[in-house]
Amino acid sequence: EPEVTQTPSHQVTQMGQEVILRCVPISNHLYFYWYRQILGQKVEFLVSFYNNEISEKSEIFDDQFSVERPDGSNFTLKIRSTKLEDSAMYFCASSEAVVIEQPETQYFGPGTRLLVL
Amino acid sequence: GQNIDQPTEMTATEGAIVQINCTYQTSGFNGLFWYQQHAGEAPTFLSYNVLDGLEEKGRFSSFLSRSKGYSYLLLKELQMKDSASYLCAVSVEDANDYKLSFGAGTTVTVRA
């Protein structure tokens, strides 16, 4: 069964450093998402991406964040200058084409646990 | 904004039934999803409801009442492996984009 994959599984970085989290969505999916979950808290939407551009972003997704689809398979989240409060689990998700009035299921990757020291 | 409420914790006995309620107040409602999340792992899709009524998938069923802003997830014949957090998530449509807004999750503990 196809699945979303993410690398690395764990990342430790120093405050102020840049990190790139990588995701390979399910191959026939067209919509891609990043969510994060701070330890003990709820899953929060960061950004959605379709047709090579951002569809929507949350208040969390400020100028330090960016997303890119550099090739036909990878989808990346870059955090330019990490802060202590960026420590969280970051989940990538993907879904098939959206049908009006019919939500498509989003499938989540295993996550990258980011620790900023 | 979105407001999604579900109980924090529930405990049940192996073989029993547990019902996890979720109430929501959202704009642009487009459907409600239930995910299971084991500690340190990704949310795994369980079910979704778009129309009012009950959807059954094996031991798991989910119900939706759009007029009441209410859903529940019913877990039957509980097994130890069902111990996990269960996340209620509302699909919110905004300018033809669909994001999930999650509740805080209900931690279910299954005891022998």
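The values are calculated or read from the model by the stated rules, or taken from the named source; none is laboratory data. All values reported here derive from a predicted model rather than from experimental measurement. We place every Cβ from the backbone using ideal geometry, glycine too, and count neighbours over all the protein chains shown.
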Any strands (runs of 3 or more DSSP E) falling wholly within chain B and containing at least 3 residues that are at pLDDT below 95 and more than 10 Å from every other protein chain (Cβ to nearest Cβ): B:53-57
Test: A:K42 is of a type outside the set (V, I, T) and not in a loop (DSSP other than H, G, I, E, B): no
Residue count, region A:1-35 (criterion: of a type outside the set (F, W, Y), surrounded by 17 or more Cβ atoms within 10 Å (Cβ to Cβ) and within 11 Å of chain B (Cβ to nearest Cβ)): 2
Residues within region A:81-113 that are over 12 Å from the mean Cα position of the chain (by Cα) and either of a type in the set (S, T, N, Q) or at pLDDT 95 or above (or both), tallied: 11
Flag for B:E55 being touching a helix residue (DSSP H, G or I) at 6+ places or on another chain (Cβ under 7 Å), surrounded by 13 or more Cβ atoms within 10 Å (Cβ to Cβ), farther than 30 Å from A:T112 by Cβ and of a type in the set (D, E, K, R): no
Candidates A:S94, A:S73, A:S66, A:S48, filtered to the one that is touching a residue at least 60 places away in the same chain (Cβ under 8 Å), under 20 Å from A:V4 (Cα atoms) and among the polar types (S, T, N, Q): A:S94
Leading residue by the ranking (surrounded by the fewest Cβ atoms within 10 Å (Cβ to Cβ)) among those in region A:36-45 that are under 19 Å from A:D62 (Cβ atoms) and more than 8 Å from every other protein chain (Cβ to nearest Cβ): A:I38
Region A:1-37: number of residues that are of a type in the set (V, I, T) and either free of Cβ contacts under 8 Å to residues at least 12 places away in the same chain or closer than 16 Å to A:F108 by Cβ (or both): 5
Number of positions in region B:1-38 that are charged (D, E, K, R) and over 19 Å from B:E77 (Cα atoms): 1
Test: residue in region A:58-80 that is within 13 Å of chain B (Cβ to nearest Cβ), closer than 21 Å to B:F33 by Cα and part of a strand (DSSP E or B): no
Residues of region B:97-112 satisfying the condition of being among the hydrophobic types (A, V, I, L, M, F, W, C), surrounded by 20 or more Cβ atoms within 10 Å (Cβ to Cβ) and in contact with an Asp or Glu (Cβ under 8 Å, 6 or more places away or on another chain): B:F102, B:V108, B:V110
